[in-house]
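Participant: Pasting a structure below so you can have a look.
Just so you know, all these numbers are worked out from the coordinates, no wet-lab data involved. The shown structure was predicted, so the numbers you read here are calculated from the model rather than taken from an experiment. Heads up, the Cβs are rebuilt from the backbone with ideal geometry, glycines too, and the neighbour counts pull from every protein chain shown.
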Amino acid sequence: MNDQPQFSTSTPSRPPFHEPGELVIRNINWAGMRALYRKEVRRFMKVQLQTIWAPAVTTLMFLVIFTIALGGGNGSGRQVLGVPFADFIAPGLMIMGMMNNAFANSSFSLLAGKMQGTLIDYLMPPLSNSELLLALVGAAITRALCVGLALWGAMALWPGVHVTPAHPWAIIWFGLMGSALTAFIGVLTSIWAEKFDHAAAITNFVIGPMTLLSGTFYSVDRLSPMFQAISHANPFFYAISGFRYGFVAAADGDVVVGSVVLLALNIALGMLCYTLLRRGWKLKA
């Protein structure tokens, strides 16, 4: 009997490591992008009373105040674009709340990382610049949709307000384009800003005036020619006008032109965000 120890001559299995420089994620890092997206969504969902319900209630107060002040309770005493004032103002308030909250969400992430010293958590994972950008913008659009659904449900139950969709495609398209527009602006703000005061300045002096002066509470057709031209130069006007068209089948602007303008602006802003992330402007030493 052979009592000698037996040695294996087979080739040892490859260790569960990869050689330096070996390409592991060959196309899109779906797992990493999904993880960052879920992280951003969970961040605002943990404080949803502040990030979703509070903005919805605040925006709903505009509807209550304006309809009572101008329409005697339900806004039926005044017609704008051939519909009661309450039906006219409700869609504009919805998209206004969505765009404001999309900006608030996307302008916080990278800026908070700068202030708290955790920016490396966004830059070090194996995510490309486009994947990082898509995750941040996607989470901002998700928050905007949550706020929009909360507002739509509340307004649907409000007496004297009719928010039954007339053109669902316009609601979806302009809701996404408007939310993406402010989400990209929020990413640009978080890249540029060095403290929360800078982001607050953009909110107060850029986002706020552009949403309030874009035809949310009035029809731009009743303005003087000069102010009509100023309103048509405001990209937020096209988002609000097109979104309103989806509910009341009437708009004070060309819906096709608005679609093209918003799409072109989103592409341009997306490319600008990608370029700044790739260069690491104000993000990398």
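Participant: Considering the options Ser190, Val57, Leu272, tell which one lies farthest towards the positive end of the dipole of the chain, charges being +1 on Lys and Arg and -1 on Asp and Glu at the Cβ, about the Cα centre.
Facilitator: With unit charges placed on the Cβ atoms, the residue in question is Ser190.
Participant: To continue, here is another question. List the lysines whose alpha-carbon lies under 26 Å from that of Lys284, not counting same-chain residues fewer than 8 positions away?
Facilitator: Lys284 reaches Lys39, Lys114, Lys195.
Participant: Choose one answer from Ser241, Ser128, Ser106: the residue with the largest mean-square fluctuation in a GNM of the chain with alpha-carbon springs under 10 Å.
Facilitator: Answer for the Gaussian network model of the chain: Ser128.
Participant: Ranking request for peptides 33-41, 143-151: highest mean number of other beta-carbon atoms within 10 Å first, then the rest in descending order. Before the final figure, lay out each step's value.
Facilitator: Details: 33-41: 17.2, 143-151: 22.7.
Taking the mean over residues of other Cβ atoms within 10 Å, the ranking is 143-151, 33-41.
Participant: Also, I was wondering about something else. Express the relative contact order of the chain as a whole percentage, based on alpha carbon pairs under 8 Å and six or more residues apart in sequence. Intermediate values should be presented prior to the final figure.
Facilitator: Details: 371 pairs, mean separation 64.4, N = 285.
Reported relative contact order: 23 percent.
Participant: Taking square-rooted eigenvalues a ≥ b ≥ c of the alpha carbon gyration tensor, is the chain rounded, prolate or oblate, where a/c under 1.5 means rounded and, failing that, a/b exceeding b/c means prolate?
Facilitator: Prolate shape, in that a/c is at least 1.5 and a/b is the bigger ratio.
Participant: Residues of region 217-240 with the amide nitrogen closer than 18 Å to a label point 7 Å from the Cα of Arg78, along Cα-to-Cβ, please.
Facilitator: Answer for region 217-240: 217-224.
Participant: Let me ask you something else. Taking only complete DSSP H runs, can you tell me which helices of the chain stretch 30 Å or more along their own long axis by Cα positions and average at least 1.6 on the Kyte-Doolittle scale?
Facilitator: 255-279
Participant: Rank the residues Ile95, Ile89 as a footprinting-exposure proxy: fewest other Cβ atoms within 10 Å of their Cβ go first.
Facilitator: Fewest-to-most ranking of Ile95, Ile89: Ile89, Ile95.
Participant: Okay, moving on. Given springs between every Cα pair under 10 Å in a Gaussian network model of the chain, which of Leu223, Leu272, Leu127 has the largest fluctuation?
Facilitator: Answer for the Gaussian network model of the chain: Leu223.
Participant: Also, I was wondering about something else. Among Leu136, Leu262, Pro168, which residue has its Cα furthest toward the positive end of the charge dipole of the chain, with +1 on Lys/Arg Cβ and -1 on Asp/Glu Cβ?
Facilitator: So the residue furthest toward the plus end is Leu136.
Participant: Each label point is 7 Å from the Cα along the Cα-to-Cβ direction; what then is the distance between the points at Phe205 and Ile267, in nm?
Facilitator: For the pair Phe205/Ile267, the computed spacing is 3.2 nm.
Participant: Same structure again: Pick out which of Phe66, Phe85, Phe205 has the largest mean-square fluctuation in a Gaussian network model of the chain, springs linking Cα atoms closer than 10 Å.
Facilitator: Phe205
Participant: Still on this structure: Grab the DSSP H runs of the chain that are 4 residues or longer, score each as -39,500 (n - 2.57), total them, divide by all residues and round the 222 nm result to the nearest 500 deg cm²/dmol.
Facilitator: That calculation yields -21000 deg cm²/dmol at 222 nm.
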